[in-house]
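Take a look at the structure set out below.
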Amino acid sequence: MSLTNETKDIQSKLAEYARTGSKKEIEGARDDRLHHYRRLVYNVVKGVLDQGFPIAKEIMGEERWDDLVFDFFKRHKCQENEVWKMPSELVEFVDKTNYQESIGLPYLPELLLFEWLEIQVHGMQDVALPNTQEFGSDLDEALVLNPYLEIAQFQYPVHLRSASEMEANKGHYYLLIYRELDSHLVKFMNLTGFTAILLDTLGQSPKTLRHALNEMGQSLGMEITHEIEQKAIEFIEKMVEKGVVLGVK
Amino acid sequence: MKKQQVLKSAALAVGTVAVGSFNANAANLFETSDLGSGAELRNELLAKNHSSVNTLFNNSEVELKCGEGKCGEGKCGGEKSKKADAKDSKSSEHKCGEKSKKASAKDSKSSEHKCGEGKCGGDKKDAKKSDESKSSEHKCGEGKCGGH
């Protein structure tokens, strides 16, 4: 059942008031009760973000964190219609507003992204898994990856270091985040640039390890030696054990 | 969100991954390390950061001991609340009713958030932020004193 224009208008005004605190005439609303709605909505937003970003909150401290959340609440018009996705909008908000500069935490966008990715991978929509067979440690088998994974690239070691060590260790970091099929636990693995690209290449479509390595060799202008092939097989065996690679097609 | 930070294609990745990272021997190319589950990694990072945060910000708040703050200022019990955050699993049922099987995951990240289930009468600070009128509904003892 669709809403009448009048209802939509009232809802929009109430939402606007809840976010900004600027009062407009809202039909049927009692002035002495209205502020409770704002408080309730803010508490839901803050509760979700507090739980989504405990590390950022810890690093920033209660006051700075509250300021960020309140700024986000007031200035950002959330578009996601599922509450659990709201943290991704905070990531976008910080990125878009360069919020990190105003508080001197250059790694804040990456830290928030790192924390959000856990939620994202955890909440990934279930998909039908293809039938697979056991990996036979063969370069010419088409590998099938776990569909519930993300690979992120960071400049700051937000997944490895404390805040005080972050800026001194600026560099290149690669992180695999994946959801175990049975336990539904989200797991993390620190990758090298090479393994990040390899998994990313394999994840695009089922392809053989030899194919993926050759593709990478060409793109990167490097020779894929026998030793690299052997190490790649060992790596895939480990990934099978971890549930990152499901098997072969 | 910066799209280049989440690898979506090899072409993108090759263009953004440090070339220098491949000037290594074969073994180094494949060096990976398990960081554990979300809960394990989060607790580890929270513990690391807990000790280092004081050096980042000149935050006199952390030096206060329980009892030094005034009731209603939100200091007393603050420590407890932070630790509780560290232990709390972060996600779990964000989807309001969806995927109930995931709720059983041990390191699930959230508690179920439903629309309208805010912390009615909760944090004083929150109330202050969300309501400029500083409503007088919060009495001493209703706020953070003593933790959540």
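The values are calculated or read from the model by the stated rules, or taken from the named source; none is laboratory data. Since we're looking at a predicted model, the values are computed, not measured. Note that we place each Cβ from the backbone using ideal geometry, even for glycine, and neighbour counts take in every protein chain shown. Heads up: the accessible areas ignore ligands, DNA and RNA and are worked out on the full protein's heavy atoms, side chains in. Shrake-Rupley method; radii C 1.70, N 1.55, O 1.52, S 1.80 Å.
Solvent exposure of segment A:5-105, expressed per residue, is 47 Å² of accessible area, with all protein chains present and a 1.4 angstrom probe.
Amide H to amide H distances under 5 Å link A:Ala142 with A:Lys249, where only residues 5 or more positions off or on other chains count and H is placed in the peptide plane.
For segment A:1-86, which GluC sites (Glu not before Pro) are in a loop by DSSP, counting at most 13 other Cβ atoms within 10 Å? Hits after loop and neighbour filter: A:Glu25, A:Glu27, A:Glu80, A:Glu82. If you bin all the Cα-Cα distances of segment A:5-105 at 10 Å, starting from zero, the percentages per bin are 13, 44, 29, 12, 1. When only alpha carbons are used to place a centre, segment A:48-64 and segment A:91-164 end up 19 Å from one another.
Taken over the Cα atoms of segment A:93-249, the convex hull encloses 135 Å³ per residue. Under the membrane-span-like helix rule (DSSP H runs whose alpha carbons stretch at least 20 Å along the helix axis, mean Kyte-Doolittle hydropathy 0.0 or higher), chain A yields A:108-122. Taking a Cβ cut-off of under 10 Å around A:Glu27, the surrounding Lys, Arg, Asp and Glu residues balance to a net charge of -2, with basic ones at +1 and acidic ones at -1. Solvent-accessible area of chain A (1.4 angstrom probe, protein heavy atoms only): carbon and sulfur portion equals 44 percent.
With the alpha-carbon atoms of segment A:23-76 aligned to their principal axes, the span from lowest to highest coordinate is 43, 17, 16 Å, starting with the largest.
Of the GluC sites (Glu not before Pro) found in segment A:104-177, those that fall in a DSSP loop while having at most 14 other beta-carbon atoms within 10 Å are A:Glu134. Remark: accessible area buried at the A-B interface is about 7700 Å², both chains counted, probe radius 1.4 Å.
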